[in-house]
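Right, one structure below, let's go through it.
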Amino acid sequence: MIVSLLTDYGHEDDFVGVVHGVIAGVAPGARVIDLTHGIPRHGVRHGALVLARALPYLPAGVHLAVVDPQVGTERRAVAIRTAEEDRLLVGPDNGLLSLAWARFGGVVEAVDITRSPHRPEPVSATFHGRDLFAPVAAQLAAGAELADAGEAIEPGELEAIELPEPRREEGELTAHVLSLDGYGNAALNVSHDDLAGTGVTLGRQVEIESGGERFLATFTQTFADVGHGEILVYEDAYRSLAVAINRGDAASTLGLDPDDEVRLRPR
Amino acid sequence: MIVSLLTDYGHEDDFVGVVHGVIAGVAPGARVIDLTHGIPRHGVRHGALVLARALPYLPAGVHLAVVDPQVGTERRAVAIRTAEEDRLLVGPDNGLLSLAWARFGGVVEAVDITRSPHRPEPVSATFHGRDLFAPVAAQLAAGAELADAGEAIEPGELEAIELPEPRREEGELTAHVLSLDGYGNAALNVSHDDLAGTGVTLGRQVEIESGGERFLATFTQTFADVGHGEILVYEDAYRSLAVAINRGDAASTLGLDPDDEVRLRPR
Amino acid sequence: MIVSLLTDYGHEDDFVGVVHGVIAGVAPGARVIDLTHGIPRHGVRHGALVLARALPYLPAGVHLAVVDPQVGTERRAVAIRTAEEDRLLVGPDNGLLSLAWARFGGVVEAVDITRSPHRPEPVSATFHGRDLFAPVAAQLAAGAELADAGEAIEPGELEAIELPEPRREEGELTAHVLSLDGYGNAALNVSHDDLAGTGVTLGRQVEIESGGERFLATFTQTFADVGHGEILVYEDAYRSLAVAINRGDAASTLGLDPDDEVRLRPR
């Protein structure tokens, strides 16, 4: 059974290693996949986006996610089962898991694991990844029933994240930056369908307005279709429209941050 | 059998991958856990602290640690067995392993592996992780006897690290920064017991004096108990008193470095 | 079967995790070793050097490498078998694999996998690691025949990297910086044999001229043979001559970049 991990723990400390250790103790046969530990600290929405887009490429299993600014407070800890593929998601009830379960048809079973019988005592106030989430995820990977991991709750009570919608106006598309990757490529909340009728099409020049400044880009298939240092708009590997610079960093050059509004116009 | 790794190799280079490769060649069935490779370069004491606090969360096995500024000189390389849990520790004899073996009841058997029969020839002067420590650790994981890994030595001859002790004076506790994590949280050499009688208790305001400056903090259970940007004192997940800033970086804001003296007073 | 990974994906994003996920889906029994994901972005030659020097320390298997600035263009994707040890290398046909196959006696079989039957549809234009290379590598690890992974091509058609040669002149050796590691140590294109007759020998002082500046170094075996902050020349763990500073960063102090010319003279 696969256990995948997504956190904002980074790689400087022993946090990730300790979580691996706890899982190895409870579920020696589990195969642990580090999806990423590079989520920006406390970046719940960014974590939710990455989890949702990445999970379809992983075998079904137990998917642990911890981006948890409210650790140690009254926020709930949860484990859920998705309608499609029977994936089990474990993490804080702060919306982090919500885009992923939406991707797999919603939640068919949910339990509050805050006081799970699987957690060893004592539980620290600040490291639930080690003391609560990893033990629960490992027990599930080892075959424990979801219903035995905590108290049943209504799926409708779970926290969910709402993403902004792009707006199509005359000759213009108003979008938002969803997330930045480590290269400075900026994914927008724009799918292929949102482009219909906007005049923003493959091969065309596109004007990008952001923060009062205007930039000229080309809508291409891949980076090497434009020169070094030139801006491109492209459908990224997760099928979102994205802004990048060939061999450069679009986020810093265009001053793009998550949630920023970006206007696109054909030229 | 588990083989855990802790080093200061970082993730930019192939050093960690090559160590994994060597282990996979000698002990194909071993499960390798990367405890961390983010120890600051040459940070022997920091590595020793992290190893000691993390190992209790890992299954017993072979625990390889390499932070080794004296690599290639006459410093000894060693492998030891702990009194409790039969853990095997492998690394340079520079104190790196000493806090961990103290945590597990001391050393019951020690061998000098500098010229171990398990090491392949030639051994480079600068990469003993690959050429000496990994081959020995992997042979132990594959079932080799500790006594066959080198020449027996007296446990009392091994290098050990001494940590500073906190001092309780009237209305004041003088502590030291033990280590900083990647978030800028600073762990102090103060346990729960050291606080008895100091007036520094949960829920109270605490004055922190460091480098001639004074800061006001609240002794809380977790980060979200104070506002964004506010300083907290809390018992961290390894049960050390620690200083942090909710959604901030205490080390840089308060100017804290490892070994710095910090005075705590109730307010 | 081992599958090793070398990329320039870094650890901030989910790219590496998704590649692991794809491999786990196709070849659940494969053991995946992350050789490194820290190759500088688009550093094809650096990646080629690291792959060639590291692979001898890994068990033979499927070795996937992706540093691919031309992804999505007409550049070929290939899989090859080496003459020695039957290693299988998978990656873009841009020279990245060429130093590794040279290390193992050359190529005895090569296939163009650009339109491999193993790749699932659709293939994105920008993430061939996930959509093409990982599926092919995993199928090979699961036992598929190399000949079935694509169309046979002539080994002589493959792209290869040429490294600069050092020049021996009277009392002077002109070398080039091959690569820098994360510590700032600079490997030169100089082997032990290249030093014969130059007067640059163990224990001697060596003058290093680079970018018009001259620096004094000592040719030693290991870092601790010189004082803190002093420059050393040494044979590194991969048997290249290298320049370093004990507890310092030679690349930034001496201003060394890959490909820079460096002159060495005995003093």
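Read the figures in this text as sums done on the coordinates, not as results from a lab. Fair warning: this is a prediction, and the values are worked out from it, not measured in the lab. Virtual Cβ from ideal backbone geometry, glycine too; neighbours counted across all protein chains shown.
For the Cα atoms of chain A, what angle does the longest principal axis make with the long axis of helix A:44-54, in degrees from 0 to 90, nearest 10?
Approximately 90 degrees, to the nearest ten.
Could you pull out the GluC sites (Glu not before Pro) across the stretch B:108-180 that fall in loop regions by DSSP (anything but H, G, I, E, B) with no more than 11 other Cβ atoms inside 10 Å?
Details: sites: B:Glu109, B:Glu145, B:Glu151, B:Glu157, B:Glu159, B:Glu162, B:Glu169, B:Glu170, B:Glu172; in loops: B:Glu145, B:Glu159, B:Glu162, B:Glu170.
Sparse-neighbourhood loop GluC sites (Glu not before Pro): B:Glu145, B:Glu162, B:Glu170.
Return a whole-number percent for the relative contact order of the stretch A:1-97, with Cα pairs under 8 Å and 6 or more residues apart as the contact set. Show your work: numbers first, answer last.
On the way: 165 pairs, mean separation 30.2, N = 97.
It rounds to 31 percent for the stretch A:1-97.
May I ask for the angle, rounded to the nearest 10°, between helix C:15-26 and the longest principal axis of chain C, with both axes built from Cα atoms and the value confined to 0 to 90°?
Between the helix axis and the principal axis of chain C, the angle is about 40 degrees.
Rounded to the nearest 0.05, what FRET efficiency do A:Arg115 and B:His228 have when you use their Cβ-Cβ distance and R0 = 45 Å? Could you put the intermediate results ahead of the total?
Numbers: r = 28 Å, r/R0 = 0.63.
The value I calculate is 0.95.
Find every distance from the label point of B:Glu172 to the corresponding label point in the other copies (7 Å from Cα along Cα→Cβ) and write them in nm, one decimal, shortest first.
Ordered by distance, the counterparts are at 6.3, 6.4 nm.
Positive end of the charge dipole of chain B (Lys, Arg +1 and Asp, Glu -1 on Cβ, about the Cα centre): tell me which of B:Ala147, B:Asn246, B:Val22 has its Cα farthest that way.
Positive-end residue among those listed: B:Asn246.
Could you work out how far apart the two model spin labels at C:His192 and B:Ser191 are, taking each label as a point 7 Å from the Cα in the direction of the beta carbon, and quote it in nm?
In this crude spin-label approximation the distance works out to 5.1 nm.
Residues in the stretch A:204-235, backbone N under 15 Å from the label point at A:Glu172 (7 Å along the Cα-to-beta-carbon vector): list them, ranges by number please.
Those under the cut-off are A:207-215.
Springs between alpha-carbon atoms under 10 Å, Gaussian network over chain A: tell me which of A:Ile208, A:Ile23, A:Ile80 tops the mean-square fluctuations.
In this elastic network of chain A, the residue with the biggest mean-square fluctuation among A:Ile208, A:Ile23, A:Ile80 is A:Ile208.
Distances from B:His192 to the same residue in each other copy, label points 7 Å out along Cα→Cβ, in nm, shortest first?
Shortest to longest, the spacings are 5.8, 5.8 nm.
Return a whole-number percent for the relative contact order of chain B, with Cα pairs under 8 Å and 6 or more residues apart as the contact set.
After rounding, I find 15 percent.
So the label point goes 7 Å from the Cα of A:Arg247 along Cα→C-beta, right? Which residues of the stretch A:225-239 then have their backbone N under 20 Å from it?
Label zone hits: A:225-234.
Please report, for B:Gln70, the nm distances (one decimal) from its label point, 7 Å out from Cα along the beta-carbon direction, to the equivalent points in the remaining copies, shortest first.
The answer, with the shortest distance listed first, is 5.2, 5.2 nm.
Could you please point out the chain B residue with its Cβ nearest to the axis of the rotation taking chain B onto chain A, and the distance in whole angstrom?
B:His11, 3
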